[in-house]
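The values are calculated or read from the model by the stated rules, or taken from the named source; none is laboratory data. All figures in this text were calculated on a predicted structure; none of them were measured in a lab. Cβ sites come from the backbone with ideal geometry, for glycine too, and all protein chains shown count toward neighbours. Heavy atoms of the whole protein, side chains included, go into the accessibility calculation; ligands, DNA and RNA do not. Shrake-Rupley method; radii C 1.70, N 1.55, O 1.52, S 1.80 Å.
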Amino acid sequence: MPTFRAPRGTRDLLPAERSAMLRLEAVAAALASRYGYRPIETPLFEQTAVFERGIGDATDIVEKELFRLAPRTDEGEAWALRPEPTAGIVRAYVQHGMQTLPQPVKLALIGPMFRYDRPQAGRYREFWQFDVEAIGDPGPAVDAEIIELADRFYREVGVADPEVLLNSIGDPVCRPAYVTELAAFYRAHADRLPPLERQRLERNPLRLLDSKEPAMVELNASAPVITEHLCDACAAHFEGLRAHLDALGIRYRLDSRLVRGLDYYIRTAFEVYPRDAAGQQSAIGGGGRYDGLVELLGGRPTPGIGFGLGLDRIVRVLEAQGAPTAPDPAAPVAVVVGADPAATAERLRVATILRGAGLAARSELAPRKLGKQLEAASRDHAHFAVIVGDELGNGQVQLRDLEAGTQKAVALDDLAREVARAHASHHHGTAPSP
RNA sequence: GUGGCCUUAGCUCAAUCGGUAGAGCACUGGAUUGUGGCUCCAGAGGUCACGGGUUCGAACCCCGUAGGCCACCCCA
């Protein structure tokens, strides 16, 4: 066993996985930009109160999953690593007076989140999200645009058949009456509730709705449905959203049992699952509307909506679906080799010429025999080997095509141009500009 | 936070009844000194997760801890 290992619930992103993540991040950044969402980053930690007040201190995320930092005696504040990005972004919106910008303010964040969970496959204490927020627009059209953006991201990245689950969970006008009715329903069937659910009934009856306990699934089939208890404003919003989604051709499935674990959600709530979702922690994205949050964090009453997509889980899904995740970024176009151990400086110089021309080139520096060097170059999937030897005195090197098995002498002055040309003709679209 | 299963080389796994550890892959080198992915040979690589206990003797049996996986909780 190694002396040190990555902390529980974290992991090293080795080149293959890191490359896959970078590819997702690049798609995310490009997509956000195309939709008018501007990049933002906030601190990885905030005052604990930002999360307690924003997310809600009775939620699981704050109550048991918050990654609290040990306080220091010289500064009296309590800090915690961010468990989700929205609270921090809204804090920044308020702090920087973004209500004076044209509304809505559309922001995108890509980065790690932290939750002090018990780790499991697809669930980590450090995980990455692509997050998008539109702050300052109350209408259902933004909701539709956000969901369409999420849906497009999955498709561009190669997730087969993402399934969008959609619900409206009401607002402070209509939800309290519904919750009361729901609690009454469960109390009438208290004898059928598992002990754990009986406790949750007192704290947050809504949460019983998405329980996976078999007894609850059966009971929930006859529970009151929230979308039948919406006030006029919420019902109109929900109808508007669905009409927009239909117009955009976005497919979704209504799920009246979908509730979200954060207090600030209002009206629109959605989650995304891959086809053939197996485990319970298989959601690859989710979001919703949070019209009260800006005010909670000290701003003026301002509507908002956003989503967070789990990049690690999407990588997992792509691998499970057998989709290509990312090309090997380390494969060199050319490897400079040579048998003379004393000529490493010459080989370095040749590699530098190639790199200067925009080509991915590597130079063999270890003094090993030519056969081993070529073997390594082959197994690295290099396209060419540049053999530096005695001909260098005449300004020439041997250019060997490792894929074709052909070889010819090339003047050093023509090398970069020749390699770029030959590489481009064999690998369309991947050729660097000379 | 609750419950269950698991942990032997970098990776995937063996090791009979308790008798102090092996293979494949990967890695490094060699096969008459400048030509590759195959093949052959060799080498290196282990506190059997960690700590304690039982025993003449523990990878193996018992207890604890850590870590991984699965389910619940909940979410990404």
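Multiplying the residue separation of residue A:411 and residue A:319 by 0.36 nm and subtracting their alpha-carbon distance yields 28.7 nm.
Note on exposure: A:3, A:352, A:86, A:325 ranked by accessible area (1.4 Å probe, complete protein assembly) read A:3, A:352, A:325, A:86, with the most exposed listed first. With viscosity 1.567 mPa s and temperature 4 °C, the Kirkwood radius over alpha carbon pairs of chain A converts through Stokes-Einstein to a diffusion coefficient of 51 µm²/s. Rounded to whole Å, the principal axis extents of the Cα atoms in the stretch A:246-320 read 45, 29, 23, largest first. Annotation: the antiparallel percentage among DSSP beta bridges lying fully within the stretch A:334-426 is about 60. The stretch A:238-276 and the stretch A:314-359 have Cα centres separated by 45 Å. When cysteine pairs in chain A are screened for C-beta atoms closer than 4.7 angstrom, the residues that find no partner are A:234.
Cross-link partners for residue A:372 among the lysines, with Cα-Cα distance under 21 Å and sequence neighbours closer than 8 places in the same chain left out: A:408. Taking every DSSP helix (H) stretch of at least 4 residues in chain A, weighting each as -39,500 (n - 2.57) and dividing the sum by the residue count yields a mean residue ellipticity at 222 nm of -11000 deg cm²/dmol. The per residue volume of the convex hull around the alpha-carbon atoms of the stretch A:334-426 is 82 Å³. Rounded to the nearest 10 square angstrom, residue A:106 shows an accessible area of 50 square angstrom against a 1.4 Å probe. Secondary structure note: in chain A, about 80% of the DSSP beta bridges are antiparallel. Extension gain, residue A:196 to residue A:27: 0.36 nm times the residue separation minus the Cα-Cα distance gives 56.6 nm.
Within the same chain, lysines fewer than 8 places from residue A:212 are excluded, and of the rest, those with a Cα less than 26 Å from its Cα are A:64. Taking the alpha carbon gyration tensor of the stretch A:201-276, multiplying each eigenvalue by 5 and rooting it gives semi-axes of 23, 17, 12 Å, largest first. Of the GluC sites (Glu not before Pro) found in the stretch A:47-138, those that fall in a DSSP loop while having at most 12 other beta-carbon atoms within 10 Å are A:75, A:77.
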